[in-house]
Amino acid sequence: MAAAKPEPAFLTTARDRQREMVEQYYSDLASAGGPKRPVAYMLVGGNLTEIVRSFGFEVVFPEIVALNCAIKHVSLPNILHAESQGYGLDVCGYVKNDLGLQELGGQTPFGRIPPPDLLVCSFSGCYVYVKWWEALAEKYGCPLFMLDVPYMRDAEPQAEDIQYLVTQLNEFIALLEKITGRSFDLAELRKTLARSRKAEQGWVDYLASGKHRPSPIEAYFEAVFYMFPINVLRGTDVAADFYATVNEEVRARIAEGHYPVPEEKFRLVVEGVPPYPSYRTFWDFFRKWGAVSVAATYPKVGGLFDRGFLHDPARPLESIAEYSLGAYVNQSWPLRRQIIGEYIRDFEADAVLIHGIKSCRSFTAGQGDLRDRLIHDHGIPTLYIESDHEDPRYFAPAQIKNRMDAFFESLDRRRGSVPLPVVNA
Amino acid sequence: MTLVAGVDIGSTTAKCALLEAGEVVGKSLAPVGVELVKDAERALEQALAEAGRERREVAVVTGTGYGRFKVKFGQFAVTEIGCHAKGAHYLFPATHLVLDIGGQDTKAIKVDAQGEVVDFAMNDKCAAGTGRFLDVCAAALGYDVSEIGTLSQGARRPVKVTNTCTVFAESEVTSYVARGKDPRDILAGLYAGIVSRSLSLMQRVGVEPEVTFTGGVSKNEGMVRTLEQRLGFKVNVSPLSQYVGAIGAALYGLERTEGTSA
Ligand code: SF4
């Protein structure tokens with residue numbers, strides 16, 4: 001067998017940088033907590049990272065800790081522990097991973113997760129958030145701030161909704177001043193937002209490159225890695241610099257003809273949270289068929305920046321309000337369908353793949369109907385498959401592979417192809 | 001004349017169909033064990049024996065079913081979804097929808113006029129509503145599954161049986177037996193439960209005649225009748241209904257030898 005060719009250096013820079021950033025983040029976190037470097041827990045959708053950081057808080061996103069646990073195959077003990085405490089089978093896996101982990105002392109293979117000094121719940125589309133944060137507040141007895149984000153039924157944010165949120169943000173700032181004894185520094189927030197905006201623009205450019213044929217990016221599996229800075233490190237120079245590196249790499253991929261799948265056969269739009277415990281296996285089911293995701297909704301859970309929204313230092317609180325409204329899970333189903341429809345058109349997709357989460361009642365609820373509507377409205381082949389984002393017990397590789405093989409096989413047949421040789425199967 | 005073989009390794013049985021000049025000239029069906037590679041070999045050998053043909057005469061072997069990659073001696077592998085579509089179209093060219101109820105899964109496949117898959121839906125990991133479900137419930141009634149096909153005739157008050165879990169259904173059947181319910185009513189209740197589960201899968205892809213019912217469960221008359229009652233029209237059931245996947249696989253192989261995809 002010929003030895004595998006080493007990857008060209010330009011293909012590993014961004015990936016290595018991403019790994020370093022994640023390691024750095026968790027190693028910094030391990031020593032955080034207490035009055036000097038207080039810790040705020042936040043949810044990804046509609047988060048208030050910039051405000052919290054401007055008060056010197058370190059930020060923990062338990063959803064991201066949970067997905068990191070799952071991808072590293074350590075989520076199950078946490079889940080089982082939470083179940084032993086009475087959390088049922090159908091409770092969201094993120095919640096069970098987090099609460100189990102908290103009870104077990106917060107140690108993960110990537111570092112210790114410090115307990116919260118402040119809980120910030122951005123209630124943006126998922127009602128589970130509220131109960132989860134209440135459980136944490138009960139356990140830790142720390143302040144809990146509830147940001148009530150109105151559900152988005154119109155494509156544009158309404159003035160009343162923005163005003164409602166700005167009022168809450170002012171209350172939040174007053175609370176932060178009280179907790180930290182520091183005064184709010186508007187100039188500092190504007191600077192932070194300017195850095196966020198730069199990172200967001202870089203992220204948007206990266207996502208747009210999926211329109212290129214063949215796609216130089218994997219807009220689901222790869223973007224999920226690259227969304228870490230946009231969610232966790234927004235407002236820092238590190239995030240903005242990272243996307244500059246990524247986009248340089250994307251340009252090199254195009255110039256050198258290096259694509260995520262060597263021969264792009266199917267361009268997909270992907271919807272849904274990934275099955276993190278079997279991430280690589282699931283990805284392989286796509287690659288084997290020359291299928292590449294050209295656009296995906298999930299990497300936008302932290303913000304729909306690709307649809308024209310960027311934080312605006314000139315309108316700090318208003319733009320944070322608009323940002324919170326724009327969380328993907330906070331969009332009504334007609335809006336979600338519209339977004340997916342536009343991805344199908346703009347990214348010239350051949351098919352849609354929906355991955356539903358057994359234990360999710362918010363992001364996932366409605367995806368069965370979504371499948372039918374996409375087929376009906378766009379005539380686009382759409383496959384729905386289901387497992388879990390956290391719980392490895394729900395991932396049945398043979399069944400999932402079988403459905404995906406049958407789906408890709410039928411797409412292939414429409415192009416007049418004959419069956420696959422066994423050797424490649 | 002090209003002799004082609006399709007080998008369908010399912011969750012409970014291995015089937016083989018040999019085709020020549022558009023006709024099924026040999027077939028075999030046997031339960032699968034733990035050694036799927038050997039089961040696949042045996043399926044082909046038995047079908048050849050039935051046809052009185054030799055292994056070397058077979059031009060192409062195509063594997064299908066969950067164990068399709070275990071058909072090591074085969075040249076091609078196609079999912080059972082594609083093969084059921086193709087096989088049903090071969091037996092009943094006006095098929096628009098295939099309902100296949102096998103040992104451990106149920107699938108509804110929408111097919112186009114060429115027998116190509118347009119859309120499909122499958123049951124979840126649970127075996128409720130599949131052949132296995134029927135086996136378990138027949139046993140709880142004290143019958144073998146092969147005996148219950150016509151038994152539901154004359155049912156007057158079908159009972160309600162949960163249709164979401166095999167284990168629950170089995171204990172429900174046992175409790176109905178203990179309460180002295182007429183086995184015909186229990187069976188009719190079971191069939192109604194399986195059919196309503198299947199219908200929800202069928203509706204996901206769109207119900208449109210002709211419907212071709214395949215797989216082991218389609219051999220059960222009570223099931224066929226219940227399905228027809230709910231649909232309001234007759235469904236196609238072939239005497240070869242358990243071989244539809246294998247036939248489809250053989251047809252794919254034939255296409256390949258002829259270099260067409262028609
Ligand atoms: S949206 Fe779903 S996955 Fe996310 S926290 Fe809510 S229930 Fe869990």
Which percent of the accessible area of the range A:12-414 is formed by carbon and sulfur heavy atoms (probe 1.4 angstrom)? 52
Report, as an integer, the average count of C-beta atoms from other chains found within 10 Å of each Cβ along A:408-415. 5
Report the longest stretch of chain B that contains none of the GluC sites (Glu not before Pro) sitting in a DSSP loop with at most 13 other Cβ atoms within 10 Å. B:55-262
Given the range B:95-237, report the % of alpha carbon pairs whose separation exceeds 21 Å. 38
Helix A:75-84 versus the longest principal axis of chain A: what is the Cα-based angle in degrees, 0 to 90, to the nearest 10? 60
Between B:Tyr143 and A:Ala314, what is the label-point separation in nm under the 7 Å Cα-to-beta-carbon projection? 7.9
To the nearest 10 degrees, how steep is helix B:36-51 against the longest Cα principal axis of chain B, on a 0 to 90 scale? 80
Whole-number D in µm²/s for chain B (Stokes-Einstein; Kirkwood sum over Cα pairs; 20 °C, 1.002 mPa s): 115
How much of the accessible area of the range B:95-237, probe 1.4 Å, is carbon plus sulfur, in whole percent? 49
Alpha carbon convex hull of the range B:94-149, projected area averaged over orientations, nm²: 4.6
Rounded if a/c under 1.5, otherwise prolate or oblate - the range A:4-161, Cα gyration tensor axes: rounded
Total charge of the residues flanking B:Lys181 in space, meaning their Cβ is under 12 Å from its Cβ, with Lys and Arg +1 and Asp and Glu -1, is +2
Quote the charge dipole size of the protein assembly as shown about the Cα centre in Debye, to the nearest 20; the model charges only the Cβ of Lys and Arg (+1) and of Asp and Glu (-1). 740
Return the lysines within reach of B:Lys70: Cα separation strictly under 20 angstrom, same-chain partners fewer than 8 residues apart disregarded; answer none if there are no such residues. A:Lys288, A:Lys401, B:Lys15, B:Lys27, B:Lys38
Just for the range A:12-414, what percent of DSSP beta bridges are antiparallel, to the closest 5? 10
Under a 1.4 Å probe, what is the accessible area of chain B per residue, stated in Å²? 41
As a test of reading the structure, rank B:Val117, B:Val167 by solvent-accessible area (1.4 Å probe, protein chains only), most first. B:Val167, B:Val117
First measure r as the distance between the Cβ atoms of A:Glu138 and A:Asp346, then evaluate 1/(1 + (r/R0)^6) with R0 = 51 Å and state the FRET efficiency to the nearest 0.05. 0.65
Which aspartates and glutamates does A:Lys198 reach when only Cα atoms under 12 Å apart count, and residues fewer than 8 places away in its own chain are ignored? A:Asp237, A:Asp241, A:Asp312
Taking every pair of alpha-carbon atoms in the range A:164-302, give the share separated by more than 20 Å as a whole percent. 56
Per-residue ³J(HN,Hα) for the range B:240-253, Karplus 6.51 cos²θ - 1.76 cosθ + 1.60, θ = phi - 60°, Hz, x for Gly and Pro: 9, 4, 7, 9, 4, x, 5, 5, x, 4, 4, 5, 4, x
I need the calculated FRET efficiency for the pair A:Asp28 and A:Asp372, taking r as the beta carbon distance and R₀ as 60 Å, to the nearest 0.05. 0.85
With a ≥ b ≥ c taken as the square roots of the eigenvalues of the C-alpha gyration tensor of the range A:101-192, please select rounded if a/c is under 1.5 and otherwise prolate if a/b is larger than b/c or oblate if it is not? oblate
Note: B:111-118 gets an average of partner chain Cβ contacts (10 Å, Cβ to Cβ) equal to 3
Under the definition of partner shielding as Cβ atoms of other protein chains within 10 Å of a residue Cβ, what is the mean value for peptide B:78-84? 6
Is the range A:289-425 best put as rounded, prolate or oblate by its Cα gyration tensor, with a ≥ b ≥ c the root eigenvalues, rounded for a/c under 1.5, and otherwise prolate when a/b is larger than b/c, oblate when not? prolate
Please list, short to long, the whole-number percent of alpha-carbon pairs of the protein assembly as shown in consecutive 20 angstrom bins beginning at zero. 17, 44, 30, 9, 0
May I ask you to list the lysines whose Cα is less than 24 Å away from that of A:Lys36, ignoring any residue fewer than eight positions away on the same chain? A:Lys139, A:Lys178, A:Lys191
Kindly rank B:97-104, A:53-60 from highest to lowest mean number of other beta carbons found within 10 Å of each residue. B:97-104, A:53-60
How much net charge surrounds A:Met42 when only other residues with a Cβ under 13 Å from its Cβ are counted (Lys, Arg +1; Asp, Glu -1)? -3
Chain lengthening between A:Arg415 and A:Arg361 when straightened (0.36 nm per residue, less Cα-Cα): 15.7 nm
Chains A and B, summed buried accessible surface - 1.4 Å probe, Å², nearest 100: 2300
Dipole check, the protein assembly as shown, charges on Cβ (K,R +1; D,E -1), about Cα centroid: among B:Leu251, A:Met152, A:His311 the Cα furthest to the positive pole belongs to B:Leu251
How long are the semi-axes of the equivalent ellipsoid of the range A:12-414, taking √(5λ) for every eigenvalue λ of the Cα gyration tensor, in whole Å from largest down? 33, 24, 21
I'd like the antiparallel share, as a percent to the nearest 5, of DSSP beta bridges with both residues in chain B. 65
Checked against the positive end of the charge dipole of chain A (+1 on Cβ of Lys and Arg, -1 on Cβ of Asp and Glu, about the Cα centre), the farthest of A:His258, A:Gly235, A:Ala199 is A:His258
Students often check this: by mean Cβ neighbours within 10 Å, which of A:121-128, A:290-297 ranks highest, and how do the rest follow? A:290-297, A:121-128
FRET efficiency estimate (nearest 0.05) - Cβ-Cβ, A:Asp237 to A:Leu175, R0 35 angstrom: 0.80
What percent antiparallel are the DSSP beta bridges of the range B:1-117, to the nearest 5? 70
Could you tell me the relative contact order of chain A? Use alpha-carbon pairs under 8 Å, at least six residues apart, and round to a whole percent. 19
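The values are calculated or read from the model by the stated rules, or taken from the named source; none is laboratory data. Just so we're clear, the structure is a prediction, and the values are computed from it rather than from any experiment. Cβ atoms come from the backbone with ideal geometry, glycine included; neighbour counts cover every protein chain shown. Heavy atoms of the whole protein, side chains included, go into the accessibility calculation; ligands, DNA and RNA do not. Shrake-Rupley method; radii C 1.70, N 1.55, O 1.52, S 1.80 Å.
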